[in-house]
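The values are calculated or read from the model by the stated rules, or taken from the named source; none is laboratory data. If you're wondering where the values come from, they're calculated on a predicted model, not measured in any experiment. No Cβ is skipped: glycine too gets one built from the backbone with ideal geometry, and neighbour counts run over all protein chains shown.
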Amino acid sequence: MANTYHQIYLQTVFAVKYRNAVIDKAWKGTLFGVIGNLINETKCKTIIVNGVEDHVHCFLGLKPVVSVSDLMQSVKAKSSKYINDHKLTMERFEWQDGYGVFSYGQSAVDHVYKYIQNQEAHHQKQTFRDEYLECLKKKFKVEYDEQYIFQELV
């Protein structure tokens, strides 16, 4: 739309169902490329996609005509289909229900980019669970119900 100006930076975080550590180093770069392309297909702009064995971070520029829920539904569905179609895991692959989404201003772009770029090193010091709860509780002060945060096999 003419005269519509925007600058919406979002970080999304989503996990493998039951937080299974199944994203293998041998193909995770390809998966992250697929996820980046899926974001770009929506006319949003991928800045970086990275993660570790059990979860993914996406940093992107959101178009105002795209809803976050539609974007995430598409990215998660199509990327899990990619994994299953290419038989990258021993069992059927699924993402956990839901996701985290956090907004940033222009001044934080470099910091968030470097944070996502360094996920491997970061998670040698902090678990995904601790990282995610820290984002919700301290950094963004998001109210949540812990029973819905982490689906785990019991």
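Can we say residue 29 is surrounded by 14 or more Cβ atoms within 10 Å (Cβ to Cβ) and free of Cβ contacts under 8 Å to residues at least 40 places away in the same chain?
no
For segment 63-93, a tally of residues being under 21 Å from residue 119 (Cβ atoms) and not in a helix (DSSP H, G or I) returns 3. A single entry from 47, 23 fulfils the requirement of being aliphatic (A, V, I, L, M), over 23 Å from residue 149 (Cα atoms) and in contact (Cβ under 8 Å) with a residue 12 or more places away in the chain: 47.
Summed over segment 107-121, residues that are without any contact (Cβ under 8 Å) to a residue 60 or more places away in the chain, in a helix (DSSP H, G or I) and surrounded by fewer than 16 Cβ atoms within 10 Å (Cβ to Cβ) total 5.
Just one of the listed residues (83, 116) is at pLDDT 95 or above, in contact with a Cys (Cβ under 9 Å, 6 or more places away or on another chain) and closer than 26 Å to residue 44 by Cβ, namely 116. Just one of the numbered conditions (1) modelled with pLDDT under 95; (2) within 19 Å of residue 113 (Cα to Cα) is not true of residue 55: (1).
The single condition among (1) free of Cβ contacts under 8 Å to residues at least 40 places away in the same chain; (2) surrounded by fewer than 16 Cβ atoms within 10 Å (Cβ to Cβ); (3) not aliphatic (A, V, I, L, M) that residue 131 does not satisfy is (2). Would you call residue 38 modelled with pLDDT of 95 or more and outside any strand (DSSP E or B)? Criteria met by residue 38.
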